[in-house]
Amino acid sequence: MTLLRGKASVDLRNVCSPALVVLVLVIVLAGCGSSGSNSGGGNGGSGEGGGQQGGTLTILAASSLTDAFAELGKIFEQQNPGTTVKSSLGASSELLAQIQQGAPADVFASAAQEEMNSAVKDGLVAGKPEIFVKNREIIMVPKNNPANIKGLEDFSKPNVKLVLAAKDVPAADYALEILGKANKEYGAGFKQEVLSNVVSREADVRASVNRVVLGDADATFGYKSDYTPDIRDKVNVITIPPNLTIIATYPIAALKDAKEPGLAKKWVDLVTSKEGQKVLKKWNFEPAAD
Amino acid sequence: MRESKHLKTPLGLSVGREWLASGLAICALGLLAGFIAVPILSLIVWTVNEEAWGAMASPVAREALSLSMRTTAATMVILVVVGTPAAYVLARGTFRGSRALNTLVELPIVLPPSAAGIALLLAFSRLGLVGEYLNAFGITLSFTTVAVVMAEVFIAAPFYLRQAATGFAEVDRTIEEAALVDGADRTAVFLRVTVPLAFPALVAGAVTAWARALGEFGATIIFAGNLRGITQTIPLAIYSEFQSNIDAAVALSVLVLGFAFAVILSVRYLSRRAVEYRH
(Lines give C-alpha, C1' and ligand atoms only; values in the text may rest on other atoms or scores of the structure.)
Protein backbone atom coordinates (compact mmCIF):
# COMPACT_ATOMS: atom_id res chain seq x y z
CA MET A 1 0.00 0.00 0.00
CA THR A 2 1.08 3.58 0.55
CA LEU A 3 3.65 2.43 3.01
CA LEU A 4 5.51 0.49 0.39
CA ARG A 5 5.59 3.37 -1.99
CA GLY A 6 8.75 4.91 -0.55
CA LYS A 7 10.77 1.81 -1.34
CA ALA A 8 9.20 1.35 -4.72
CA SER A 9 10.05 4.80 -6.07
CA VAL A 10 12.06 3.97 -9.16
CA ASP A 11 13.52 6.34 -11.69
CA LEU A 12 10.89 6.56 -14.40
CA ARG A 13 13.48 6.61 -17.15
CA ASN A 14 14.94 3.27 -16.04
CA VAL A 15 11.54 1.71 -16.36
CA CYS A 16 10.44 3.36 -19.55
CA SER A 17 12.42 1.49 -22.18
CA PRO A 18 11.54 -1.98 -20.90
CA ALA A 19 7.99 -0.73 -20.38
CA LEU A 20 7.94 0.39 -23.99
CA VAL A 21 9.05 -2.99 -25.24
CA VAL A 22 6.44 -4.73 -23.12
CA LEU A 23 3.74 -2.34 -24.28
CA VAL A 24 4.52 -2.82 -27.95
CA LEU A 25 4.50 -6.58 -27.39
CA VAL A 26 1.15 -6.38 -25.65
CA ILE A 27 -0.36 -4.32 -28.46
CA VAL A 28 0.98 -6.66 -31.13
CA LEU A 29 -0.24 -9.73 -29.23
CA ALA A 30 -3.62 -8.14 -28.60
CA GLY A 31 -3.91 -7.48 -32.31
CA CYS A 32 -3.03 -11.06 -33.12
CA GLY A 33 -5.40 -12.34 -30.47
CA SER A 34 -8.40 -10.45 -31.75
CA SER A 35 -7.76 -11.24 -35.39
CA GLY A 36 -7.20 -14.86 -34.40
CA SER A 37 -10.50 -15.11 -32.60
CA ASN A 38 -12.24 -13.36 -35.48
CA SER A 39 -11.03 -15.90 -37.98
CA GLY A 40 -11.93 -18.63 -35.46
CA GLY A 41 -15.48 -17.34 -35.36
CA GLY A 42 -15.54 -17.25 -39.13
CA ASN A 43 -14.47 -20.85 -39.31
CA GLY A 44 -17.21 -21.86 -36.90
CA GLY A 45 -19.77 -20.11 -39.04
CA SER A 46 -18.65 -21.64 -42.29
CA GLY A 47 -18.41 -25.07 -40.65
CA GLU A 48 -22.02 -24.77 -39.67
CA GLY A 49 -23.02 -23.92 -43.22
CA GLY A 50 -20.96 -26.72 -44.70
CA GLY A 51 -22.90 -29.66 -43.30
CA GLN A 52 -21.85 -29.34 -39.65
CA GLN A 53 -18.35 -30.65 -39.56
CA GLY A 54 -17.04 -30.14 -36.05
CA GLY A 55 -18.24 -27.40 -33.76
CA THR A 56 -18.70 -27.19 -30.03
CA LEU A 57 -22.06 -27.80 -28.40
CA THR A 58 -22.46 -25.98 -25.10
CA ILE A 59 -25.05 -27.39 -22.70
CA LEU A 60 -26.27 -25.83 -19.47
CA ALA A 61 -27.75 -28.64 -17.38
CA ALA A 62 -29.09 -29.22 -13.88
CA SER A 63 -26.39 -30.75 -11.69
CA SER A 64 -28.45 -33.92 -11.16
CA LEU A 65 -27.85 -34.66 -14.86
CA THR A 66 -24.04 -34.71 -14.38
CA ASP A 67 -23.43 -38.43 -14.94
CA ALA A 68 -26.17 -39.13 -17.48
CA PHE A 69 -25.17 -36.17 -19.67
CA ALA A 70 -21.49 -37.10 -19.47
CA GLU A 71 -22.34 -40.51 -20.93
CA LEU A 72 -24.70 -39.02 -23.51
CA GLY A 73 -21.98 -36.51 -24.44
CA LYS A 74 -19.64 -39.35 -25.38
CA ILE A 75 -22.34 -40.98 -27.50
CA PHE A 76 -23.07 -37.64 -29.19
CA GLU A 77 -19.41 -37.08 -30.01
CA GLN A 78 -19.23 -40.55 -31.56
CA GLN A 79 -22.36 -39.94 -33.60
CA ASN A 80 -21.10 -36.53 -34.78
CA PRO A 81 -17.39 -36.93 -35.44
CA GLY A 82 -15.38 -33.80 -34.80
CA THR A 83 -17.88 -32.20 -32.46
CA THR A 84 -17.14 -31.45 -28.83
CA VAL A 85 -19.78 -31.42 -26.11
CA LYS A 86 -19.16 -29.00 -23.28
CA SER A 87 -21.50 -29.17 -20.28
CA SER A 88 -21.79 -26.57 -17.57
CA LEU A 89 -23.58 -28.12 -14.62
CA GLY A 90 -25.13 -26.27 -11.73
CA ALA A 91 -28.36 -25.37 -10.03
CA SER A 92 -31.07 -24.75 -12.63
CA SER A 93 -31.75 -21.38 -10.97
CA GLU A 94 -28.11 -20.37 -11.32
CA LEU A 95 -27.99 -21.53 -14.95
CA LEU A 96 -31.14 -19.53 -15.67
CA ALA A 97 -29.47 -16.43 -14.19
CA GLN A 98 -26.46 -17.06 -16.43
CA ILE A 99 -28.66 -17.37 -19.53
CA GLN A 100 -30.47 -14.17 -18.58
CA GLN A 101 -27.09 -12.46 -18.36
CA GLY A 102 -26.25 -13.62 -21.87
CA ALA A 103 -24.09 -16.68 -21.25
CA PRO A 104 -23.25 -18.26 -24.63
CA ALA A 105 -24.93 -21.65 -24.69
CA ASP A 106 -26.90 -23.86 -27.06
CA VAL A 107 -29.11 -26.03 -24.84
CA PHE A 108 -30.72 -25.60 -21.43
CA ALA A 109 -31.87 -28.64 -19.42
CA SER A 110 -33.65 -27.67 -16.21
CA ALA A 111 -34.63 -29.78 -13.20
CA ALA A 112 -37.93 -27.93 -12.89
CA GLN A 113 -40.56 -26.31 -15.09
CA GLU A 114 -40.31 -22.99 -13.25
CA GLU A 115 -36.83 -22.05 -14.51
CA MET A 116 -37.66 -23.14 -18.06
CA ASN A 117 -40.90 -21.12 -17.97
CA SER A 118 -38.95 -18.01 -16.96
CA ALA A 119 -36.53 -18.59 -19.84
CA VAL A 120 -39.47 -18.95 -22.26
CA LYS A 121 -41.13 -15.83 -20.87
CA ASP A 122 -37.92 -13.83 -21.38
CA GLY A 123 -37.77 -14.99 -25.00
CA LEU A 124 -34.52 -16.90 -24.53
CA VAL A 125 -35.70 -20.27 -25.83
CA ALA A 126 -36.02 -21.43 -29.43
CA GLY A 127 -39.19 -23.43 -30.02
CA LYS A 128 -41.14 -25.27 -27.35
CA PRO A 129 -39.41 -27.00 -24.41
CA GLU A 130 -39.87 -30.75 -24.12
CA ILE A 131 -40.20 -32.74 -20.91
CA PHE A 132 -37.54 -35.41 -21.42
CA VAL A 133 -37.27 -37.17 -18.07
CA LYS A 134 -38.62 -37.42 -14.52
CA ASN A 135 -36.87 -37.80 -11.23
CA ARG A 136 -37.90 -38.61 -7.67
CA GLU A 137 -36.86 -36.88 -4.46
CA ILE A 138 -35.34 -39.15 -1.82
CA ILE A 139 -33.59 -38.76 1.54
CA MET A 140 -29.90 -39.53 1.88
CA VAL A 141 -28.11 -40.20 5.15
CA PRO A 142 -24.49 -41.21 5.85
CA LYS A 143 -23.92 -44.96 6.07
CA ASN A 144 -23.35 -44.82 9.85
CA ASN A 145 -26.51 -42.66 10.19
CA PRO A 146 -25.34 -40.62 13.23
CA ALA A 147 -28.73 -38.97 13.79
CA ASN A 148 -30.51 -42.34 13.48
CA ILE A 149 -32.92 -41.18 10.82
CA LYS A 150 -35.43 -43.80 9.69
CA GLY A 151 -37.85 -41.64 7.78
CA LEU A 152 -38.94 -38.13 6.95
CA GLU A 153 -40.67 -37.81 10.33
CA ASP A 154 -37.25 -37.91 12.07
CA PHE A 155 -36.14 -34.70 10.35
CA SER A 156 -37.77 -32.61 13.07
CA LYS A 157 -35.85 -34.27 15.92
CA PRO A 158 -33.65 -31.75 17.76
CA ASN A 159 -29.99 -31.46 16.68
CA VAL A 160 -30.37 -33.16 13.33
CA LYS A 161 -27.88 -31.53 10.95
CA LEU A 162 -29.87 -31.10 7.77
CA VAL A 163 -28.44 -29.69 4.55
CA LEU A 164 -30.56 -28.26 1.76
CA ALA A 165 -29.74 -26.86 -1.65
CA ALA A 166 -29.86 -23.07 -1.91
CA LYS A 167 -33.02 -21.00 -2.16
CA ASP A 168 -34.79 -21.39 -5.54
CA VAL A 169 -32.73 -24.45 -6.52
CA PRO A 170 -35.34 -26.97 -7.78
CA ALA A 171 -34.23 -29.74 -5.41
CA ALA A 172 -34.77 -27.38 -2.46
CA ASP A 173 -38.08 -26.10 -3.84
CA TYR A 174 -39.30 -29.69 -4.15
CA ALA A 175 -38.06 -30.41 -0.63
CA LEU A 176 -40.01 -27.46 0.77
CA GLU A 177 -43.09 -28.67 -1.09
CA ILE A 178 -42.67 -32.12 0.47
CA LEU A 179 -42.29 -30.59 3.93
CA GLY A 180 -45.42 -28.53 3.32
CA LYS A 181 -47.38 -31.71 2.54
CA ALA A 182 -45.81 -33.45 5.55
CA ASN A 183 -47.09 -30.67 7.80
CA LYS A 184 -50.59 -32.06 7.36
CA GLU A 185 -49.35 -35.58 8.11
CA TYR A 186 -46.97 -35.00 11.03
CA GLY A 187 -48.68 -32.01 12.64
CA ALA A 188 -48.40 -28.27 12.23
CA GLY A 189 -45.01 -26.88 13.11
CA PHE A 190 -43.25 -29.89 11.55
CA LYS A 191 -41.94 -27.90 8.59
CA GLN A 192 -40.77 -25.10 10.88
CA GLU A 193 -38.94 -27.52 13.16
CA VAL A 194 -37.27 -29.19 10.19
CA LEU A 195 -36.17 -25.85 8.75
CA SER A 196 -34.63 -24.86 12.09
CA ASN A 197 -32.42 -27.95 11.74
CA VAL A 198 -30.94 -26.72 8.45
CA VAL A 199 -27.23 -26.03 8.94
CA SER A 200 -26.28 -25.06 5.39
CA ARG A 201 -27.76 -24.16 2.00
CA GLU A 202 -25.52 -25.57 -0.71
CA ALA A 203 -24.96 -24.28 -4.24
CA ASP A 204 -26.79 -27.16 -5.91
CA VAL A 205 -28.21 -30.60 -5.18
CA ARG A 206 -24.93 -32.42 -5.81
CA ALA A 207 -23.13 -30.16 -3.35
CA SER A 208 -25.70 -30.94 -0.65
CA VAL A 209 -25.44 -34.68 -1.35
CA ASN A 210 -21.66 -34.39 -0.99
CA ARG A 211 -22.12 -33.04 2.56
CA VAL A 212 -23.74 -36.36 3.42
CA VAL A 213 -21.09 -38.33 1.50
CA LEU A 214 -18.40 -36.62 3.62
CA GLY A 215 -20.40 -37.45 6.74
CA ASP A 216 -20.67 -33.85 7.88
CA ALA A 217 -24.43 -33.60 7.50
CA ASP A 218 -26.95 -36.03 9.02
CA ALA A 219 -29.33 -35.92 6.08
CA THR A 220 -30.28 -34.15 2.88
CA PHE A 221 -32.85 -34.26 0.14
CA GLY A 222 -31.56 -35.47 -3.21
CA TYR A 223 -32.85 -37.12 -6.34
CA LYS A 224 -32.93 -40.83 -6.97
CA SER A 225 -30.47 -40.16 -9.81
CA ASP A 226 -27.98 -38.64 -7.34
CA TYR A 227 -27.52 -42.04 -5.70
CA THR A 228 -24.70 -42.88 -8.11
CA PRO A 229 -22.56 -46.03 -7.87
CA ASP A 230 -19.52 -44.15 -6.57
CA ILE A 231 -21.30 -42.97 -3.41
CA ARG A 232 -23.18 -46.17 -2.60
CA ASP A 233 -20.63 -47.32 -0.03
CA LYS A 234 -20.97 -44.07 1.92
CA VAL A 235 -24.65 -43.20 1.73
CA ASN A 236 -27.99 -44.86 2.53
CA VAL A 237 -31.22 -43.95 0.83
CA ILE A 238 -34.53 -43.52 2.61
CA THR A 239 -37.62 -43.23 0.44
CA ILE A 240 -40.26 -40.62 1.04
CA PRO A 241 -43.82 -41.94 1.45
CA PRO A 242 -45.59 -41.93 -1.95
CA ASN A 243 -48.34 -39.60 -0.78
CA LEU A 244 -45.76 -36.99 0.23
CA THR A 245 -43.15 -37.33 -2.47
CA ILE A 246 -42.74 -35.10 -5.50
CA ILE A 247 -41.96 -36.16 -9.03
CA ALA A 248 -39.56 -33.70 -10.62
CA THR A 249 -40.09 -33.06 -14.34
CA TYR A 250 -37.12 -31.99 -16.46
CA PRO A 251 -37.70 -29.80 -19.52
CA ILE A 252 -35.05 -29.31 -22.22
CA ALA A 253 -34.86 -26.74 -25.03
CA ALA A 254 -32.49 -25.23 -27.55
CA LEU A 255 -31.65 -21.61 -26.81
CA LYS A 256 -32.51 -18.75 -29.11
CA ASP A 257 -28.97 -17.35 -29.21
CA ALA A 258 -27.44 -20.78 -29.86
CA LYS A 259 -24.25 -20.63 -31.92
CA GLU A 260 -24.85 -24.23 -33.02
CA PRO A 261 -28.63 -24.48 -33.51
CA GLY A 262 -28.22 -27.62 -35.63
CA LEU A 263 -26.21 -29.43 -32.98
CA ALA A 264 -28.59 -28.17 -30.29
CA LYS A 265 -31.52 -29.81 -32.06
CA LYS A 266 -29.55 -33.02 -32.52
CA TRP A 267 -28.79 -33.08 -28.78
CA VAL A 268 -32.46 -32.69 -27.85
CA ASP A 269 -33.27 -35.47 -30.35
CA LEU A 270 -30.64 -37.74 -28.80
CA VAL A 271 -31.83 -37.11 -25.26
CA THR A 272 -35.46 -37.86 -26.16
CA SER A 273 -34.58 -40.85 -28.37
CA LYS A 274 -34.84 -44.47 -27.23
CA GLU A 275 -31.08 -44.65 -26.82
CA GLY A 276 -30.96 -41.45 -24.77
CA GLN A 277 -33.82 -42.57 -22.56
CA LYS A 278 -32.00 -45.85 -21.92
CA VAL A 279 -28.94 -43.98 -20.65
CA LEU A 280 -31.09 -41.77 -18.44
CA LYS A 281 -32.85 -44.83 -17.05
CA LYS A 282 -29.51 -46.41 -16.26
CA TRP A 283 -28.73 -43.37 -14.07
CA ASN A 284 -31.97 -43.84 -12.11
CA PHE A 285 -34.13 -41.35 -13.96
CA GLU A 286 -37.71 -42.23 -14.83
CA PRO A 287 -39.05 -41.96 -18.39
CA ALA A 288 -41.00 -38.83 -19.18
CA ALA A 289 -43.90 -40.83 -20.64
CA ASP A 290 -45.00 -42.42 -17.33
CA MET B 1 25.37 6.88 -13.13
CA ARG B 2 22.36 6.51 -15.35
CA GLU B 3 21.81 10.26 -15.42
CA SER B 4 25.22 10.92 -16.97
CA LYS B 5 24.75 8.19 -19.54
CA HIS B 6 21.50 9.78 -20.65
CA LEU B 7 23.14 13.17 -21.06
CA LYS B 8 25.75 11.72 -23.42
CA THR B 9 23.20 10.57 -26.00
CA PRO B 10 22.22 13.08 -28.73
CA LEU B 11 19.74 15.43 -27.10
CA GLY B 12 16.99 15.37 -29.75
CA LEU B 13 16.74 11.58 -30.05
CA SER B 14 16.76 11.09 -26.30
CA VAL B 15 14.02 13.66 -25.72
CA GLY B 16 11.88 12.24 -28.51
CA ARG B 17 12.21 8.73 -27.22
CA GLU B 18 11.45 9.78 -23.70
CA TRP B 19 8.30 11.56 -24.84
CA LEU B 20 7.11 8.49 -26.70
CA ALA B 21 7.97 6.20 -23.82
CA SER B 22 6.23 8.27 -21.18
CA GLY B 23 3.25 8.78 -23.50
CA LEU B 24 2.86 5.03 -23.93
CA ALA B 25 3.35 4.41 -20.22
CA ILE B 26 0.60 6.92 -19.44
CA CYS B 27 -1.66 5.18 -21.99
CA ALA B 28 -0.95 1.88 -20.27
CA LEU B 29 -1.94 3.33 -16.92
CA GLY B 30 -5.09 4.81 -18.45
CA LEU B 31 -6.05 1.43 -19.92
CA LEU B 32 -5.61 -0.38 -16.63
CA ALA B 33 -7.36 2.32 -14.63
CA GLY B 34 -10.29 2.24 -17.04
CA PHE B 35 -10.39 -1.53 -16.87
CA ILE B 36 -10.79 -1.32 -13.10
CA ALA B 37 -13.07 1.72 -13.07
CA VAL B 38 -15.67 0.55 -15.62
CA PRO B 39 -16.88 -2.56 -13.74
CA ILE B 40 -16.98 -0.60 -10.48
CA LEU B 41 -18.99 2.11 -12.19
CA SER B 42 -21.33 -0.54 -13.63
CA LEU B 43 -22.21 -1.66 -10.10
CA ILE B 44 -23.24 1.87 -9.19
CA VAL B 45 -25.09 2.49 -12.47
CA TRP B 46 -27.12 -0.69 -11.99
CA THR B 47 -27.94 0.22 -8.39
CA VAL B 48 -29.13 3.69 -9.45
CA ASN B 49 -31.10 2.49 -12.49
CA GLU B 50 -32.79 -0.43 -10.77
CA GLU B 51 -33.25 1.53 -7.55
CA ALA B 52 -31.61 -1.33 -5.71
CA TRP B 53 -30.54 0.80 -2.72
CA GLY B 54 -33.31 -0.69 -0.58
CA ALA B 55 -31.74 -4.14 -0.90
CA MET B 56 -28.77 -2.89 1.15
CA ALA B 57 -31.00 -2.80 4.22
CA SER B 58 -32.63 -6.19 3.52
CA PRO B 59 -32.31 -8.81 6.29
CA VAL B 60 -29.95 -10.90 4.13
CA ALA B 61 -27.61 -7.93 3.70
CA ARG B 62 -27.71 -6.89 7.33
CA GLU B 63 -27.08 -10.39 8.65
CA ALA B 64 -24.24 -10.94 6.18
CA LEU B 65 -22.69 -7.58 7.01
CA SER B 66 -22.90 -8.17 10.75
CA LEU B 67 -21.45 -11.68 10.39
CA SER B 68 -18.61 -10.45 8.19
CA MET B 69 -17.77 -7.72 10.70
CA ARG B 70 -17.77 -10.11 13.64
CA THR B 71 -15.77 -12.87 11.96
CA THR B 72 -13.16 -10.58 10.43
CA ALA B 73 -12.79 -8.78 13.79
CA ALA B 74 -12.17 -12.13 15.51
CA THR B 75 -9.73 -13.06 12.75
CA MET B 76 -7.80 -9.81 13.25
CA VAL B 77 -7.61 -10.25 17.03
CA ILE B 78 -6.24 -13.77 16.56
CA LEU B 79 -3.78 -12.63 13.90
CA VAL B 80 -2.46 -9.68 15.91
CA VAL B 81 -2.17 -11.58 19.19
CA VAL B 82 -0.69 -14.79 17.74
CA GLY B 83 0.72 -13.49 14.48
CA THR B 84 2.81 -10.62 15.82
CA PRO B 85 5.15 -12.66 18.05
CA ALA B 86 5.16 -15.44 15.43
CA ALA B 87 6.26 -12.98 12.76
CA TYR B 88 9.03 -11.73 15.06
CA VAL B 89 10.36 -15.25 15.49
CA LEU B 90 10.18 -15.80 11.72
CA ALA B 91 12.07 -12.56 11.11
CA ARG B 92 14.77 -13.02 13.76
CA GLY B 93 14.99 -16.74 14.33
CA THR B 94 17.63 -18.68 12.47
CA PHE B 95 16.95 -22.14 13.71
CA ARG B 96 16.81 -25.53 12.03
CA GLY B 97 13.83 -25.67 9.70
CA SER B 98 13.13 -21.95 9.83
CA ARG B 99 13.17 -21.74 6.05
CA ALA B 100 10.82 -24.69 5.71
CA LEU B 101 8.56 -23.03 8.27
CA ASN B 102 8.60 -19.80 6.27
CA THR B 103 7.52 -21.67 3.16
CA LEU B 104 4.79 -23.54 5.02
CA VAL B 105 3.38 -20.35 6.48
CA GLU B 106 3.28 -18.66 3.08
CA LEU B 107 1.65 -21.62 1.33
CA PRO B 108 -1.97 -20.41 1.72
CA ILE B 109 -1.14 -17.34 -0.39
CA VAL B 110 -0.58 -19.51 -3.45
CA LEU B 111 -3.09 -22.25 -2.61
CA PRO B 112 -6.47 -21.61 -4.26
CA PRO B 113 -8.98 -20.89 -1.46
CA SER B 114 -11.24 -23.72 -2.63
CA ALA B 115 -8.34 -26.14 -2.14
CA ALA B 116 -7.80 -24.63 1.31
CA GLY B 117 -11.50 -25.24 2.02
CA ILE B 118 -11.24 -28.91 1.07
CA ALA B 119 -8.10 -29.23 3.19
CA LEU B 120 -9.83 -27.69 6.22
CA LEU B 121 -12.85 -29.93 5.63
CA LEU B 122 -10.74 -33.09 5.53
CA ALA B 123 -8.95 -32.01 8.72
CA PHE B 124 -11.74 -30.61 10.88
CA SER B 125 -15.06 -31.97 9.60
CA ARG B 126 -16.90 -34.57 11.63
CA LEU B 127 -15.06 -37.46 9.99
CA GLY B 128 -11.87 -35.46 9.44
CA LEU B 129 -8.36 -36.27 10.60
CA VAL B 130 -8.63 -34.06 13.70
CA GLY B 131 -12.39 -33.53 13.60
CA GLU B 132 -13.02 -37.15 14.49
CA TYR B 133 -11.31 -36.67 17.87
CA LEU B 134 -12.96 -33.30 18.43
CA ASN B 135 -16.30 -34.94 17.69
CA ALA B 136 -15.60 -37.51 20.41
CA PHE B 137 -15.42 -34.59 22.86
CA GLY B 138 -18.69 -33.23 21.49
CA ILE B 139 -17.07 -30.47 19.46
CA THR B 140 -18.26 -30.07 15.88
CA LEU B 141 -16.84 -27.26 13.79
CA SER B 142 -18.46 -27.57 10.37
CA PHE B 143 -21.44 -25.30 9.77
CA THR B 144 -20.50 -23.02 12.69
CA THR B 145 -19.32 -19.41 12.83
CA VAL B 146 -16.07 -20.71 14.34
CA ALA B 147 -15.42 -22.52 11.07
CA VAL B 148 -15.80 -19.21 9.19
CA VAL B 149 -13.15 -17.61 11.43
CA MET B 150 -10.88 -20.64 10.92
CA ALA B 151 -11.17 -20.32 7.14
CA GLU B 152 -10.43 -16.59 7.33
CA VAL B 153 -7.41 -17.07 9.60
CA PHE B 154 -6.05 -19.82 7.36
CA ILE B 155 -6.31 -17.64 4.25
CA ALA B 156 -5.39 -14.25 5.74
CA ALA B 157 -2.62 -15.20 8.17
CA PRO B 158 0.23 -15.33 5.62
CA PHE B 159 -0.52 -11.78 4.47
CA TYR B 160 -0.09 -10.43 8.00
CA LEU B 161 2.84 -12.69 8.87
CA ARG B 162 4.79 -11.83 5.75
CA GLN B 163 4.48 -8.06 6.03
CA ALA B 164 4.99 -8.06 9.80
CA ALA B 165 8.10 -10.23 9.45
CA THR B 166 9.51 -7.90 6.78
CA GLY B 167 8.82 -4.96 9.11
CA PHE B 168 10.57 -6.63 12.02
CA ALA B 169 13.53 -7.61 9.86
CA GLU B 170 14.06 -3.97 8.95
CA VAL B 171 14.24 -2.81 12.57
CA ASP B 172 17.86 -1.99 13.36
CA ARG B 173 19.15 -4.55 15.84
CA THR B 174 21.56 -2.09 17.40
CA ILE B 175 18.64 -0.01 18.66
CA GLU B 176 17.17 -3.08 20.36
CA GLU B 177 20.56 -3.99 21.81
CA ALA B 178 21.09 -0.47 23.09
CA ALA B 179 17.79 -0.66 24.94
CA LEU B 180 18.82 -4.04 26.38
CA VAL B 181 22.12 -2.57 27.57
CA ASP B 182 20.15 0.21 29.21
CA GLY B 183 18.54 -2.44 31.37
CA ALA B 184 15.19 -3.07 29.72
CA ASP B 185 14.04 -6.69 29.55
CA ARG B 186 13.36 -8.42 26.24
CA THR B 187 9.57 -8.18 26.41
CA ALA B 188 9.73 -4.46 27.16
CA VAL B 189 12.14 -3.91 24.27
CA PHE B 190 9.83 -5.83 21.95
CA LEU B 191 6.75 -3.88 23.00
CA ARG B 192 8.32 -0.41 23.42
CA VAL B 193 11.02 -0.40 20.74
CA THR B 194 10.57 -3.09 18.10
CA VAL B 195 6.80 -2.93 17.66
CA PRO B 196 6.64 0.90 17.39
CA LEU B 197 9.47 0.88 14.84
CA ALA B 198 7.78 -1.80 12.75
CA PHE B 199 4.35 -0.27 13.25
CA PRO B 200 3.65 0.91 9.69
CA ALA B 201 4.45 -2.55 8.36
CA LEU B 202 2.21 -4.11 11.01
CA VAL B 203 -0.67 -1.83 10.05
CA ALA B 204 -0.16 -2.50 6.35
CA GLY B 205 -0.06 -6.24 6.99
CA ALA B 206 -3.16 -6.09 9.18
CA VAL B 207 -5.14 -4.17 6.56
CA THR B 208 -4.15 -6.51 3.73
CA ALA B 209 -5.02 -9.50 5.89
CA TRP B 210 -8.35 -7.96 6.90
CA ALA B 211 -9.24 -7.22 3.29
CA ARG B 212 -8.37 -10.79 2.36
CA ALA B 213 -10.48 -12.14 5.23
CA LEU B 214 -13.43 -9.95 4.24
CA GLY B 215 -13.30 -11.25 0.66
CA GLU B 216 -12.83 -14.89 1.66
CA PHE B 217 -15.25 -17.07 -0.31
CA GLY B 218 -13.94 -20.44 -1.47
CA ALA B 219 -12.61 -21.82 1.79
CA THR B 220 -15.60 -20.54 3.74
CA ILE B 221 -18.34 -21.98 1.51
CA ILE B 222 -16.61 -25.35 1.31
CA PHE B 223 -15.53 -25.70 4.93
CA ALA B 224 -18.13 -23.73 6.87
CA GLY B 225 -21.17 -24.08 4.61
CA ASN B 226 -23.69 -21.41 3.73
CA LEU B 227 -26.44 -20.40 6.16
CA ARG B 228 -27.82 -16.94 6.78
CA GLY B 229 -26.65 -15.39 10.03
CA ILE B 230 -24.35 -18.32 10.91
CA THR B 231 -21.88 -18.84 8.07
CA GLN B 232 -23.15 -16.65 5.22
CA THR B 233 -20.63 -13.79 5.05
CA ILE B 234 -20.96 -10.97 2.49
CA PRO B 235 -19.22 -12.81 -0.38
CA LEU B 236 -21.39 -15.89 0.21
CA ALA B 237 -24.51 -13.72 0.37
CA ILE B 238 -23.58 -12.05 -2.92
CA TYR B 239 -23.14 -15.47 -4.52
CA SER B 240 -26.38 -16.86 -3.07
CA GLU B 241 -28.45 -13.80 -3.94
CA PHE B 242 -27.11 -13.77 -7.50
CA GLN B 243 -29.17 -16.89 -8.18
CA SER B 244 -32.47 -15.42 -7.08
CA ASN B 245 -32.22 -11.67 -6.61
CA ILE B 246 -29.61 -9.86 -8.69
CA ASP B 247 -30.59 -6.48 -7.21
CA ALA B 248 -29.62 -7.66 -3.75
CA ALA B 249 -26.37 -9.15 -5.04
CA VAL B 250 -25.46 -5.84 -6.69
CA ALA B 251 -26.48 -3.79 -3.66
CA LEU B 252 -24.29 -5.96 -1.42
CA SER B 253 -21.39 -5.52 -3.82
CA VAL B 254 -21.79 -1.75 -3.70
CA LEU B 255 -21.88 -1.93 0.08
CA VAL B 256 -18.55 -3.77 0.18
CA LEU B 257 -17.18 -1.31 -2.36
CA GLY B 258 -17.99 1.52 0.05
CA PHE B 259 -16.18 -0.37 2.77
CA ALA B 260 -13.14 -0.89 0.61
CA PHE B 261 -13.01 2.83 -0.07
CA ALA B 262 -13.31 3.74 3.60
CA VAL B 263 -10.56 1.28 4.51
CA ILE B 264 -8.10 2.49 1.88
CA LEU B 265 -8.67 6.13 2.83
CA SER B 266 -8.29 5.51 6.55
CA VAL B 267 -5.14 3.46 6.02
CA ARG B 268 -3.66 6.28 3.94
CA TYR B 269 -4.45 8.68 6.76
CA LEU B 270 -3.15 6.39 9.50
CA SER B 271 0.08 5.55 7.73
CA ARG B 272 0.76 9.21 7.03
CA ARG B 273 0.22 9.91 10.71
CA ALA B 274 2.52 7.03 11.64
CA VAL B 275 5.28 8.30 9.38
CA GLU B 276 4.93 11.83 10.77
CA TYR B 277 5.06 10.40 14.28
CA ARG B 278 8.32 8.60 13.57
CA HIS B 279 10.08 11.68 12.29
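The values are calculated or read from the model by the stated rules, or taken from the named source; none is laboratory data. Everything numeric in this text was worked out from a predicted model, so none of it was measured. Here the Cβ is made from the backbone with ideal geometry for all residues, glycine too, and neighbour counts use every protein chain on show.
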Task: helices (runs of 4 or more DSSP H) wholly inside region A:82-198 that include at least 2 residues being in the same structural domain as A:Arg232 (by TED's automatic domain parsing), closer than 27 Å to A:Leu244 by Cα and without any contact (Cβ under 8 Å) to a residue 40 or more places away in the chain - done: A:170-186, A:190-196
Task: Residues of region A:241-290 classified as assigned to a helix (DSSP H, G or I) and in contact (Cβ under 8 Å) with a residue 60 or more places away in the chain, total - done: 16
- [ ] Give me a count of the residues in region A:222-241 that are farther than 20 Å from A:Asn148 by Cβ and polar (S, T, N, Q).
- [x] 2
Open item on the list: Being surrounded by fewer than 22 Cβ atoms within 10 Å (Cβ to Cβ), closer than 23 Å to A:Ser200 by Cα and at pLDDT 90 or above is true for just one of B:Ile221, B:Ile230. Which residue is that?
Closed with: B:Ile230
- [ ] Give the number of residues within region A:210-227 that are more than 14 Å from every other protein chain (Cβ to nearest Cβ) and crowded, with 24+ Cβ neighbours inside 10 Å.
- [x] 5
Task: From A:Leu195, A:Leu179, residue being surrounded by fewer than 23 Cβ atoms within 10 Å (Cβ to Cβ), hydrophobic (A, V, I, L, M, F, W, C), within 27 Å of A:Ser118 (Cβ to Cβ) and more than 12 Å from every other protein chain (Cβ to nearest Cβ) - done: A:Leu179
TODO: Quick one: count up the residues across region A:76-123 that are more than 21 Å from B:Ala249 (Cα to Cα), under 17 Å from the mean Cα position of the chain (by Cα) and hydroxyl-bearing (Ser, Thr, Tyr).
DONE: 3
Task: Test: A:Val15 is more than 23 Å from A:Ser225 (Cβ to Cβ) and either at pLDDT 50 or above or under 24 Å from the mean Cα position of the chain (by Cα) (or both) - done: no
- [ ] Grab the helices (runs of 4 or more DSSP H) fully contained in region B:176-279, keeping just those with 2 or more residues being touching a residue at least 12 places away in the same chain (Cβ under 8 Å), facing another protein chain (nearest Cβ under 10 Å) and among the aliphatic types (A, V, I, L, M).
- [x] B:195-214, B:218-223, B:246-278
Task: Number of the condition not met by B:Ile139 [criteria: (1) within 12 Å of chain A (Cβ to nearest Cβ); (2) within 23 Å of B:Gly229 (Cα to Cα); (3) surrounded by fewer than 18 Cβ atoms within 10 Å (Cβ to Cβ)] - done: (1)
